[in-house]
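The values are calculated or read from the model by the stated rules, or taken from the named source; none is laboratory data. Since the model is a prediction, treat every value here as computed from it, not as a measurement. Using ideal geometry, Cβ is built from the backbone for each residue, glycine included, and neighbour counts are taken over all protein chains shown. For the accessible areas, the whole protein counts, side chains as well, though only heavy atoms, and no ligand, DNA or RNA atoms are used. Shrake-Rupley method; radii C 1.70, N 1.55, O 1.52, S 1.80 Å.
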Amino acid sequence: MYSLNGDFKIDESGVATRLIIKDSTGNVGIGETSPEAKLHIKNASAGTFTASNSQLLIENNTTVRLSMVSPAANGCKIEFGDINDQDVGMINYDHSNNYMAFTTNAAERLRIDNQGNLRFADNGTNPSAVANTAFMFNDGGELKVLDELGNTTTISPHNFELIPDGASEDMAFAYHSTRHTPEGKLKKVNVDMM
């Protein structure tokens, strides 16, 4: 542990610098002697790059992993905030129920449950058409798609079913709409998608 040219360093005998605080920037490097962020954690070099405006930089020469561990009854969260709301946006993994939820504008909008099912929140306000954009949204429990021309298609599970693999239809991609008539009979309409 020593100071050199204004930098504070912690070294291990016979090994490269373990930790450095740069005098000129105040940046902290762990495994990095020229930290490019307020905190630069380096396992091995990823190559030459510039980390512009980063507060936290994690570097490795293979896959980079950022791990968060909590007790099994709790969760792990990444919060995105501003001066008015510290968690107006959030990614939350709930360990007790094993789901991942995504929050925007301080409300949960999307959830992937422990079976891989995707749940959309109904925010009560349907989107408006935008050029070169398609929206998928929950409208009162029905899943709908809005295209750039303003056309809305309902694709809710209660009136559409995917044809399973091995079905007798000639087309590989198809669906059929099922509806009950007022008399209680089931009507089915097959529609080819190709």
Original post:
What order do HIS40, HIS95 take when sorted by accessible area (1.4 Å probe), most exposed first?
Top reply: HIS95, HIS40
**OP:** Quick one: dipole size for region 50-133, taken about the Cα centre, charges +1 on Lys/Arg Cβ and -1 on Asp/Glu Cβ, in debye to the nearest 20.
**Re:** 240 debye
Original post:
Going from most exposed to least, what order do SER34, SER24 have by accessible area with a 1.4 Å probe?
Top reply: SER24, SER34
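Can you tally the net charge around LEU39? Count Lys and Arg as +1, Asp and Glu as -1, for every other residue whose Cβ sits under 15 Å from the Cβ of LEU39.
Residues near LEU39 contribute +1 overall.
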Original post:
Considering only Cα-Cα distances, which of the following residue pairs are longer than 26 Å: LYS77/LYS144; LYS9/LYS42; LYS9/LYS77?
Top reply: LYS77/LYS144; LYS9/LYS77
**OP:** Enter the accessible area per residue of region 86-155 (Å², integer; probe 1.4 Å; all protein chains in place).
**Re:** 64 Å²
Subject >> Formal net charge of residues neighbouring THR154 (Cβ-Cβ distance under 10 Å; K, R +1; D, E -1) >> reply: -1
